[in-house]
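Chemist: Once you've had a glance at the structure underneath, I'll fire off some questions.
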Amino acid sequence: TQGSFDWDNYLVESGSIAAPQSCFKQSFTPPLNEFKLNMKIEAVDPRNLTSICVASVVGMIGPRLRLRLDGSDNKNDFWRLVDSSDLHLIGYCELFGGLLQPPLGFRMNPSSWPAFLQKTLNGAEVAPAECFKKEPPTPKCNEFKVGMKLEAVDRKNPQLICPATVGAVNGDQIHVTFDGWRGAFDYWCRYDSRDLFPCDWCLKSGHQLQPPGQKGNPQLKSSKGKEVPLSISLPTSNTSGNSGSKASPSLGGGAGKSLHSNSTS
Ligand code: MLZ
């Protein structure tokens, strides 16, 4: 499922090195995903980090879960690894004296929250404890160096993991630059972000790895010939008006596209 991308060749052709495993807050062996669709868990609300909400598993790829907070809309889905510390068993909040909160953007009247909560949990399939895997340790310091290669979540298309290069390092932050996309998807993040993976993590975990883009990718000029100029508009059969990700048609939705759709495809 990783696709045809071959890091070994790519690293040789580009004369670059892969960031070593010790750079990453990821386990050497990707965790096993034992969740099932529609199971319910408790999760930190990504838009309101102090509250814990009920969430449902609405999709998964390898060890990653696509989550939707119960009572939220389908425009704010988010992805977490099965070994994320943001995820808990149903009952966790109460055990520590907390109260389950309505998600930011709760669809209904706040006064209906207690009844909604009861209804959403009634008869639900609750994820059992063995689904939740221990979070890997945090590397002591930022060991990334400029030019190192890695795999990283495309935060504008968070279902995708793509080949990337460390473009800059600043204290605990690194600049993640996506190979072949001329900066359109790049971002800064902490070195211990769970969105960063060592080369071949996708291969090991059964996740797809997107091939590098074709835009301004010096590595590809030699092998694939001409680079496509950015100014021409490519013919498209897409009539739906969105940016038409061909990357993973079976995934539907395209979490995160609503806020950040762009025309770089
Ligand atoms: N705009 C493209 C997705 C590009 C993904 C790039 N990842 C670094 C599309 O919507 O098809």
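The values are calculated or read from the model by the stated rules, or taken from the named source; none is laboratory data. Worth saying up front: this structure is predicted, and the values here are computed from it rather than measured. Methodologically, a virtual Cβ is constructed for each residue, glycine included, from the backbone with ideal geometry; neighbour enumeration extends over all protein chains shown. Please note that ligands, DNA and RNA were not included when accessible areas were found on the heavy atoms of the full protein model with its side chains. Shrake-Rupley method; radii C 1.70, N 1.55, O 1.52, S 1.80 Å.
Chemist: Net charge near L203: determine it from the other residues with C-beta under 13 Å of the C-beta of L203, scoring Lys and Arg +1 and Asp and Glu -1.
Modeler: Details: positive: K204; negative: D6, D8, E151, D200.
So the environment of L203 carries a net charge of -3.
Chemist: Based on the Cβ-Cβ distance of Q173 and A115, what FRET efficiency does E = 1/(1 + (r/R0)^6) give at R0 = 41 Å, to the nearest 0.05?
Modeler: 0.40
Chemist: Please work out the C-alpha center-to-center distance from segment 2-79 to segment 171-206 and express it in whole Å.
Modeler: Segment 2-79 and segment 171-206 have Cα centres separated by 13 Å.
Chemist: Along the Cα-to-Cβ line of T50, 7 Å from the Cα, sits a label point; which residues in segment 103-134 have backbone N less than 20 Å from it?
Modeler: Within reach of a label on T50, which here means backbone N under 20 Å from a point 7 Å along Cα→Cβ, segment 103-134 contributes 103-106, 110-111.
Chemist: Below 12 angstrom from the Cβ of L121, what's the summed charge of the other residues (Lys, Arg +1; Asp, Glu -1)?
Modeler: -2
Chemist: Okay, moving on. Within segment 1-142, how many Lys pairs sit with Cα atoms under 18 Å apart, leaving out pairs fewer than 8 places apart on the same chain?
Modeler: 6
Chemist: In Å², and per residue, what accessible area does segment 17-113 have when probed at 1.4 Å with the other protein chains present?
Modeler: Values: 4560 Å² over 97 residues.
For segment 17-113, the solvent-accessible area averages 47 Å² per residue.
Chemist: Let me ask something else. To the nearest 0.05, what FRET efficiency results for E143 and R182 with a Förster distance of 30 Å applied to their C-beta separation?
Modeler: 0.65
Chemist: What number comes out for the charge environment of V82, summing +1 per Lys or Arg and -1 per Asp or Glu over other residues with Cβ under 13 Å away? Kindly include the intermediate steps, with their values, before the conclusion.
Modeler: On the way: positive: K36, R64, R66, R80, K133, K134, R194; negative: E34, D83, D86, E130, E135.
Local net charge: +2.
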